[in-house]
Amino acid sequence: MIRTIEERDFLEVLSIYKPFVTDTVTTFETEVPTIKDFGYRIIETIKKYPWLVLEEKGKVIGYAYAS
């Protein structure tokens, strides 16, 4: 199911994002953001743009957002 992100999803989304920071240069980040910082980014983004998650069997397995 694709749905709008909720605060309860922030940690799962961060866990999906983390390997892109630690194992690739895709994000240009050198350190994984804290959950507080990551949550702030999401909250600021959804003020203007959508942030969606893909949920399967109660677990977030993907996400997409606009900016």
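The values are calculated or read from the model by the stated rules, or taken from the named source; none is laboratory data. Quick caveat, the model's predicted, so the values are computed rather than measured. We place every Cβ from the backbone using ideal geometry, glycine too, and count neighbours over all the protein chains shown. Side chains are part of the model used for accessible areas, which takes the heavy atoms of the whole protein and leaves out ligands, DNA and RNA. Shrake-Rupley method; radii C 1.70, N 1.55, O 1.52, S 1.80 Å.
Looking at the range 18-25, is at least one residue loosely packed, with under 12 Cβ neighbours inside 10 Å, under 12 Å from the mean Cα position of the chain (by Cα), among the hydroxyl-bearing types (Ser, Thr, Tyr) and modelled with pLDDT of 95 or more?
No, there is no match, as no residue in the range 18-25 is loosely packed, with under 12 Cβ neighbours inside 10 Å, under 12 Å from the mean Cα position of the chain (by Cα), among the hydroxyl-bearing types (Ser, Thr, Tyr) and modelled with pLDDT of 95 or more.
How many residues, within the range 33-67, are farther than 16 Å from VAL21 by Cβ and of a type in the set (Val, Ile, Thr)?
6
Quick check on my filter: what residues within the range 1-14 are within 11 Å of TYR63 (Cα to Cα), part of a helix (DSSP H, G or I) and open to solvent by 30 Å² or more (accessible area, probe 1.4 Å)?
Within the range 1-14, GLU12 is the sole residue that qualifies.
Please state which one of GLU29, GLU55, GLU44 is open to solvent by less than 80 Å² (accessible area, probe 1.4 Å), in a loop (DSSP other than H, G, I, E, B) and modelled with pLDDT of 95 or more.
After applying the criteria, what remains is GLU29.
To keep it simple, each residue is scored yes or no on (1) more than 15 Å from ARG8 (Cβ to Cβ); (2) without any contact (Cβ under 8 Å) to a residue 12 or more places away in the chain.
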site	(1), (2)
VAL25	yes, yes
VAL32	yes, no
ILE35	no, no
GLY39	no, no
GLU56	yes, no
GLY62	yes, no
